[in-house]
Each structure stands twice: as structure tokens, then as C-alpha cells.
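Enquirer: Got a structure for you, questions after.
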Amino acid sequence: MDKHKFKKVIKKMSRYINSCLLGPLSPAERRDKAFEIRMEAAKFYKNQPLVNHRNNGDEDRYPNKIASYSKALPHNELGEVNLKAYHNYLEALKSGDSKDFEKIPMGGAAKLVNPQSAYAYDLVGPDSHQLVLHAPPDFSSADLAGEMVELYWQALARDIPFNEYDSNQLTKDAAAELSGLPVFNGPKINGQVTTGTLFRGNYQGSIEGPYISQFLWKNIPFVSTEIIQQYNTILPGDDHLTSYSEWLAVQNGSNPHNKKMDSVPRYIRNGRDLAEWVHNDSSIDSGLMACYLLLSYGSKALDQENPYFNSATQVGFPTFGVPHILDFITRASRPALDAVWFQKWLVHRRLRPEEFGGRIHNKMMGADYPINPVVMSSEALIQTFNKFGTYLLPQAYSEGCPTHPSYPSGHAAFIGAMVTMMKAFFDESYEIPDPVVASSDGLHLLPYDGKLTLGGELNKLAANIAIGRTIAGVHYRSSAINGMLLGEAVAIGILRDYKRTYNESFKGFSLTKFDGSKITT
């Protein structure tokens with residue numbers, strides 16, 4: 001070896017000889033191991049079978065696009081979309097070219113919400129295009145008719161306190177009609193919808209105890225204070241898009257924002273309060289607040305498989321400690337939304353309930369639409385007309401639904417993902433201490449005499465956030481339930497990818513899925 005090369009080798013070796021580095025791996029070995037972990041995760045997804053995404057066929061079935069999302073594009077007097085504008089919209093989605101999205105003809109001031117996120121990639125967890133959902137109920141089905149009947153009842157019942165459902169005649173009537181539908185996929189007891197299952201989630205814990213999860217009622221520890229969960233809400237009876245001219249203007253892109261605020265902050269006590277909560281939250285609020293409350297319970301609430309649960313010398317911090325837990329719970333939200341936005345824009349393009357309500361109204365006025373007769377003859381629709389003078393679905397928000405398609409629900413997906421993360425880090429059997437229930441006026445919290453588990457209340461939280469959007473009139477039950485499942489799948493993928501990144505002796509994350517099955521990643 002010549003003198004010059006020898007000096008270069010000695011200089012390179014001295015970097016490691018003089019290094020203060022401790023640990024089992026050299027820098028080169030560490031670099032190679034990091035590369036291997038990332039490559040193995042990538043190979044896992046590369047080796048997954050290709051999937052076939054199917055929608056319900058409505059977009060092709062109806063040339064006038066009456067069963068497809070089109071809000072904010074230009075429409076005729078029946079609220080049917082301008083077909084040239086719809087074609088341009090489809091061409092932009094097919095090309096993915098950002099310039100093509102700028103060419104979509106719009107009907108007014110409202111803009112489409114982030115269709116280009118449907119093409120985004122994620123570096124951890126499954127690619128959004130690898131996750132599959134069942135197609136939603138089609139336009140003329142008894143399934144969709146059942147969902148619409150529930151939505152009309154939810155709108156009529158917005159101001160009834162949850163703890164008065166058992167005694168209120170309207171909620172009794174709602175439970176009775178939903179029980180008698182040919183198809184209704186909400187929770188039942190002995191085959192019947194009851195006032196105790198009315199408008200609740202489908203999964204374990206959702207029909208146990210009060211309607212609202214403890215995580216939306218109890219004080220939330222925050223830094224050196226507490227957040228009292230009394231929120232600004234809306235006065236009773238403040239419903240929107242019940243006149244046809246108002247409804248049509250909003251379909252064409254009018255974007256009003258007006259509401260009658262209640263001057264008294266209240267604990268969430270009815271559907272209107274819940275709908276307003278999910279009107280103003282950001283994507284991480286519900287999960288982050290729940291996590292803060294769980295962390296305040298200390299190590300006794302942690303999952304017993306946490307590597308530091310029984311350590312005599314160590315506690316977790318960047319791994320298996322508070323920063324780790326908070327990071328995973330909040331980080332799950334955005335990739336869950338990526339997965340939703342792919343399904344919304346590139347697969348399903350499902351019309352929103354307010355659009356379907358317009359179809360129902362026009363059908364009652366003589367339009368020839370193939371709507372299932374179950375909803376057309378429902379008691380909920382009759383009561384809606386008697387109250388508002390139209391058959392439109394009353395909306396909790398003056399602007400109606402957001403300007404993106406309905407299937408699945410973004411709120412349902414991000415809370416589904418965050419709840420799944422919490423179930424991975426915490427003990428699902430842990431009993432929530434000192435449970436509470438809100439008074440009928442929302443001014444006080446009262447003791448609740450019953451046992452509520454952490455896992456059950458997390459499932460209930462997911463149902464509250466997801467179904468809060470159906471109570472508002474902006475989503476269907478199937479959009480909510482399947483959105484939760486999509487978020488769950490995203491979170492499980494992230495947990496799986498991180499399993500090999502820890503030094504601790506760790507068997508993997510264990511949790512109970514929404515369907516009741518138990519898994520370890």
C-alpha cells in the first residue's frame with residue numbers, strides 16, 4: 001500500500017478509535033441495521049397482493065349522476081350536476097395533474113377539499129391505496145333507505161337530552177320505526193332497536209352506560225391546570241337547509257356560516273351539542289384529550305406488556321413512555337385521513353345525505369328517482385315535512401356538509417386510528433374511576449353508578465365522534481362505521497412497522513379490535 005493510501009486508512013480508522021460511542025454496533029453496523037429494518041417494512045407492503053377497489057356502481061348506473069357527490073359544482077334547478085363540469089372533475093381525478101384541478105368549473109365560492117391528498121404517499125404503515133373498503137349501500141337499496149330514516153330521526157331528536165331518551169315519545173317512536181325496517185344496521189337488543197341502543201355505535205362498550213364517553217365529560221389534565229369540558233354550543237332548533245332555495249344555493253357553492261350560539265357553556269348532553277363539538281374540533285383533539293386523561297391515571301392504566309411495567313431500574317420515556325404514547329396517538333390521525341381521502345375521491349364519490357335529502361324532496365314533488373319506498377313512507381319523513389314544510393334533511397350546520405364525498409367519514413377514521421393506538425398502550429380492562437353523567441341541561445356532572453372500562457369507553461368515544469357527524473346530518477352510519485375500521489387498519493400497520501425498531505424485550509402491541517377479535521402486532 002502506498003504512503004498516501006495508508007494515511008487515508010489510518011485517518012478513517014481514527015474516527016472510530018477516538019470515538020466516544022458506546023453500544024453493541026459500530027456506526028457501519030448501525031447504518032446497515034437501520035437500512036435493513038426500513039427495507040423489510042417496505043418489502044412487506046411490496047409483497048402484499050394487489051387489491052381491487054370496487055364502488056357500488058351508482059356513478060355508472062345513473063348517467064345524470066344523481067347518486068354521486070357533486071356539491072360545489074354547478075347544478076340545475078333540481079340540484080342535478082352540470083354533466084360537463086362533472087366530466088372535467090372526473091378527468092382531473094383520473095390524471096392527478098394539479099393543473100387539471102384548476103380547470104374544474106365551480107358553482108360558487110365553496111372549494112373542493114384537498115382531492116390531491118388522494119395521491120399522497122406515507123413512509124410508515126400501509127400505503128393508502130392498499131387498504132380496501134366494502135362498497136357502500138347503493139342509491140335504491142333498502143340499506144340506504146334505513147340509513148336515511150335514521151338520519152331524519154337524528155335530526156328531529158337533536159335537542160332531546162340523551163338521558164331522556166327512555167321517556168321521550170319522539171325517541172320511542174324512532175326506536176320503534178327503526179326496529180321495523182327491512183334493513184337497519186345499527187345496534188339492537190334481541191333484534192330490536194331500543195331507546196338504550198338508539199343512535200349508538202355498533203361495537204363493544206358503545207351501548208354500555210351513558211351515551212357520551214367519559215373522555216368527553218371528565219376534566220382533562222393539561223400542564224398545571226385542568227380543562228373543564230363545558231363547551232360553547234348552539235341554541236335549540238337551529239336547523240339549516242330546510243328551504244329548497246337555501247338547499248340549492250349551497251349545492252351550487254354558496255357557503256353561509258351563521259348559527260345561533262348559546263351564551264352558556266355546557267357539558268355535551270344532546271345531539272346538537274355533540275354535532276357542534278365535531279364541527280369545531282381538529283383532527284387530533286378527541287384522541288389527545290383522551291390520552292391526557294389516561295396518562296393522569298399513572299402506570300396502573302398502562303398495558304401490562306409495556307417493557308417497563310415491572311422494571312426495577314428503568315422507566316420509559318422516548319420509548320414506551322409519555323412522548324412515545326402521545327406521538328403514536330397523534331401521528332395516526334393524518335395517514336388515516338390520507339386513506340379516507342383516497343377512498344372518497346378516487347373510488348366511491350358517494351353523495352352526501354343532504355344531497356340525498358334533495359333527491360327525496362324532488363321525488364315527493366314528482367321527480368322520477370329510483371328511491372327505495374321505505375324512506376318515502378317513513379314516519380320520520382312525515383314528521384320532518386310537518387315541522388319544516390319540505391322533505392329535505394335538516395342540517396345542523398348552515399353550510400351543510402363539507403365539500404368532499406361522503407364515504408368513508410374522516411372523523412370516524414382519525415378517531416378510529418387514535419383509539420386503536422390507545423388500546424395498544426393502555427390496559428383495556430382498567431375501570432375508569434369516578435364515572436360521571438351530564439345533567440339534562442348540561443350545567444353539571446353527576447355521579448354515574450356503574451362500572452365502565454377503559455376499552456369500552458374508548459370504543460364509545462370513537463362512536464361518539466363518528467356518529468356525531470351523522471347526527472349533524474353530514475354522514476351516513478355506514479360511512480361512520482367503515483371509517484372507524486379504516487382508521488384501525490392504518491394504526492395497526494404503523495404499530496407493526498415499528499415493532500422491530502425497539503431495543504427493549506417486547507412481544508408486540510396487543511389490543512382488541514372493534515370487531516372484538518384480539519391481535520398482537
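The values are calculated or read from the model by the stated rules, or taken from the named source; none is laboratory data. Computed from a prediction, not measured in an experiment: that's the story for all the values here. Virtual Cβ from ideal backbone geometry, glycine too; neighbours counted across all protein chains shown. Calculation scope for accessible area: heavy atoms of the full protein, side chains included, ligands and nucleic acids excluded. Shrake-Rupley method; radii C 1.70, N 1.55, O 1.52, S 1.80 Å.
Enquirer: What helices (runs of 4 or more DSSP H) lie completely within the stretch 292-409 and have 2 or more residues being aliphatic (A, V, I, L, M) and more than 25 Å from A145 (Cβ to Cβ)?
Expert: On the way: elements: 322-331, 333-342, 353-364, 373-376, 379-388.
Helices (runs of 4 or more DSSP H) meeting the threshold: 322-331, 333-342.
Enquirer: Every residue in the stretch 110-120 that is open to solvent by 40 Å² or more (accessible area, probe 1.4 Å) and closer than 13 Å to V340 by Cα, please. Can you show your working first?
Expert: Our first condition is that a residue be open to solvent by 40 Å² or more (accessible area, probe 1.4 Å); within the stretch 110-120, this holds for 111, 113-114, 116, 119.
Of everything in the stretch 110-120, those that are open to solvent by 40 Å² or more (accessible area, probe 1.4 Å) and closer than 13 Å to V340 by Cα turn out to be V113, N114, Q116, Y119.
Enquirer: Now, a different point. Determine if the stretch 231-246 includes at least one residue that is touching a strand residue (DSSP E or B) at 6+ places or on another chain (Cβ under 6 Å), among the charged types (D, E, K, R), in a loop (DSSP other than H, G, I, E, B) and in contact (Cβ under 8 Å) with a residue 60 or more places away in the chain.
Expert: no
Enquirer: OK, next. Pull up the stretch 217-230, narrow it to residues that are touching a strand residue (DSSP E or B) at 6+ places or on another chain (Cβ under 7 Å), of a type outside the set (A, V, I, L, M, F, W, C) and outside any strand (DSSP E or B), then point me to the one that is least open to solvent (accessible area, probe 1.4 Å). Quick ask: steps written out before the conclusion?
Expert: Filtering the stretch 217-230 for residues touching a strand residue (DSSP E or B) at 6+ places or on another chain (Cβ under 7 Å) gives 217-220, 226-227, 229-230.
When the remaining residues are screened for being of a type outside the set (A, V, I, L, M, F, W, C), the result is 218-219, 226, 229-230.
Then drop every residue that is not outside any strand (DSSP E or B), which leaves 218-219, 229-230.
On the way: K218: 28, N219: 53, Q229: 0, Q230: 64 Å².
Once the filter is applied, the top-ranked residue is Q229.
Enquirer: Can you find, within the stretch 32-56, the residue that is farthest from G125 (Cα to Cα) among those that are among the acidic types (D, E) and either open to solvent by 80 Å² or more (accessible area, probe 1.4 Å) or touching a helix residue (DSSP H, G or I) at 6+ places or on another chain (Cβ under 8 Å) (or both)? Talk me through it step by step, then tell me what you get.
Expert: So the first thing to find is which residues in the stretch 32-56 are among the acidic types (D, E), and the list is 32, 36, 40.
Cutting the leftovers down to either open to solvent by 80 Å² or more (accessible area, probe 1.4 Å) or touching a helix residue (DSSP H, G or I) at 6+ places or on another chain (Cβ under 8 Å) (or both) gives us 32, 40.
Numbers: D32: 21, E40: 12 Å.
Ranking the candidates gives D32 first.
Enquirer: I'm checking my understanding of the structure. Among residues of the stretch 307-341 that are among the charged types (D, E, K, R) and within 19 Å of Y502 (Cβ to Cβ), which one is surrounded by the most Cβ atoms within 10 Å (Cβ to Cβ)? Even if it seems obvious, please write down each step before you answer.
Expert: At the first step, the residues of the stretch 307-341 found to be among the charged types (D, E, K, R) are 327, 331, 334, 338.
If we keep only those that are within 19 Å of Y502 (Cβ to Cβ) too, we end up with 327, 331.
Working: D327: 12, R331: 18.
It comes out as R331.
Enquirer: Which of (1) in contact with a Leu (Cβ under 7 Å, 6 or more places away or on another chain); (2) outside any helix (DSSP H, G or I) does A174 not meet, given it meets every other one?
Expert: (2)
Enquirer: Would you pick out the residues in the stretch 342-399 that are of a type in the set (F, W, Y) and either open to solvent by less than 10 Å² (accessible area, probe 1.4 Å) or in contact (Cβ under 8 Å) with a residue 40 or more places away in the chain (or both)? Steps first, answer last, please.
Expert: The initial filter retains those residues of the stretch 342-399 that are of a type in the set (F, W, Y), namely 342, 345, 356, 369, 385, 388, 391, 397.
Scanning the stretch 342-399 gives F342, W345, F356, Y369, F388, Y397.
Enquirer: Can you spot a residue in the stretch 277-285 that is part of a helix (DSSP H, G or I) and open to solvent by less than 10 Å² (accessible area, probe 1.4 Å)? Even if it seems obvious, please write down each step before you answer.
Expert: Initial filter on the stretch 277-285 (part of a helix (DSSP H, G or I)): 277-280, 285.
So of that shortlist, the ones also open to solvent by less than 10 Å² (accessible area, probe 1.4 Å) come out as 278.
The answer is yes; a qualifying residue exists.
Enquirer: What number of residues within the stretch 425-453 satisfy the criterion of being among the aliphatic types (A, V, I, L, M) and over 27 Å from the mean Cα position of the chain (by Cα)? Don't jump to the end; show me each part of the working.
Expert: So the first thing to find is which residues in the stretch 425-453 are among the aliphatic types (A, V, I, L, M), and the list is 432, 436-438, 443, 445-446, 452.
Filter again for over 27 Å from the mean Cα position of the chain (by Cα), leaving 443, 446.
Final tally of qualifying residues: 2.
Enquirer: Where in the stretch 413-521 are the strands (runs of 3 or more DSSP E), entirely inside, with at least 3 residues that are free of Cβ contacts under 8 Å to residues at least 24 places away in the same chain and not charged (D, E, K, R)? Give the steps one after another, and end with the answer.
Expert: On the way: elements: 436-438, 445-447, 510-512, 518-520.
Of the strands (runs of 3 or more DSSP E) lying wholly inside the stretch 413-521, none has at least 3 residues that are free of Cβ contacts under 8 Å to residues at least 24 places away in the same chain and not charged (D, E, K, R).
Enquirer: Okay, next question. V124: under 21 Å from the mean Cα position of the chain (by Cα), open to solvent by 30 Å² or more (accessible area, probe 1.4 Å) and within 25 Å of Q251 (Cβ to Cβ), yes or no? Can you show your working first?
Expert: Details: under 21 Å from the mean Cα position of the chain (by Cα): yes; open to solvent by 30 Å² or more (accessible area, probe 1.4 Å): yes; within 25 Å of Q251 (Cβ to Cβ): no.
No; evaluated as a whole, the condition is false for this residue.
Enquirer: Could you tell me whether G107 is outside any helix (DSSP H, G or I), crowded, with 20+ Cβ neighbours inside 10 Å and touching a Pro at 6+ places or on another chain (Cβ under 9 Å)? It would help to see each step written out before you state the result.
Expert: Working: outside any helix (DSSP H, G or I): yes; crowded, with 20+ Cβ neighbours inside 10 Å: yes; touching a Pro at 6+ places or on another chain (Cβ under 9 Å): yes.
It is true that G107 is outside any helix (DSSP H, G or I), crowded, with 20+ Cβ neighbours inside 10 Å and touching a Pro at 6+ places or on another chain (Cβ under 9 Å).
Enquirer: To continue, here is another question. Residues being part of a loop (DSSP other than H, G, I, E, B) and buried (at least 20 other Cβ atoms within 10 Å of the Cβ): count how many of those fall in the stretch 57-79. I'd like the intermediate steps shown before the answer.
Expert: Here is the first cut: in the stretch 57-79, the ones part of a loop (DSSP other than H, G, I, E, B) are 57, 62-67, 69-74, 76-79.
Then keep just the ones that are buried (at least 20 other Cβ atoms within 10 Å of the Cβ); that gives 65-67, 69-73, 79.
Residues that pass the stated criteria total 9.
Enquirer: Being outside any helix (DSSP H, G or I), at pLDDT below 95 and open to solvent by less than 40 Å² (accessible area, probe 1.4 Å) narrows it down to one residue among G205, G196, G201; which is it? Break it down stepwise before answering.
Expert: Details: G196 fails: at pLDDT below 95; G201 fails: at pLDDT below 95.
The conditions single out G205.
Enquirer: Taking the conditions exactly as written (open to solvent by 60 Å² or more (accessible area, probe 1.4 Å), more than 19 Å from V474 (Cα to Cα) and not hydrophobic (A, V, I, L, M, F, W, C)), does S167 satisfy them or not? Break it down stepwise before answering.
Expert: Working: open to solvent by 60 Å² or more (accessible area, probe 1.4 Å): yes; more than 19 Å from V474 (Cα to Cα): yes; not hydrophobic (A, V, I, L, M, F, W, C): yes.
Judged against the criteria, S167 is a match.
Enquirer: When you look at A424, is it touching an Asp or Glu at 6+ places or on another chain (Cβ under 9 Å), closer than 20 Å to S333 by Cβ and among the small types (G, A, S), yes or no? Steps first, please.
Expert: On the way: touching an Asp or Glu at 6+ places or on another chain (Cβ under 9 Å): yes; closer than 20 Å to S333 by Cβ: yes; among the small types (G, A, S): yes.
Taking the combined requirement at face value, the residue satisfies it.
Enquirer: Here's another thing I want to ask about it. Condition (residue is surrounded by fewer than 21 Cβ atoms within 10 Å (Cβ to Cβ), under 21 Å from the mean Cα position of the chain (by Cα) and hydroxyl-bearing (S, T, Y)) applied to the stretch 249-268: is it met by at least one residue?
Expert: No, the stretch 249-268 has no match at all.
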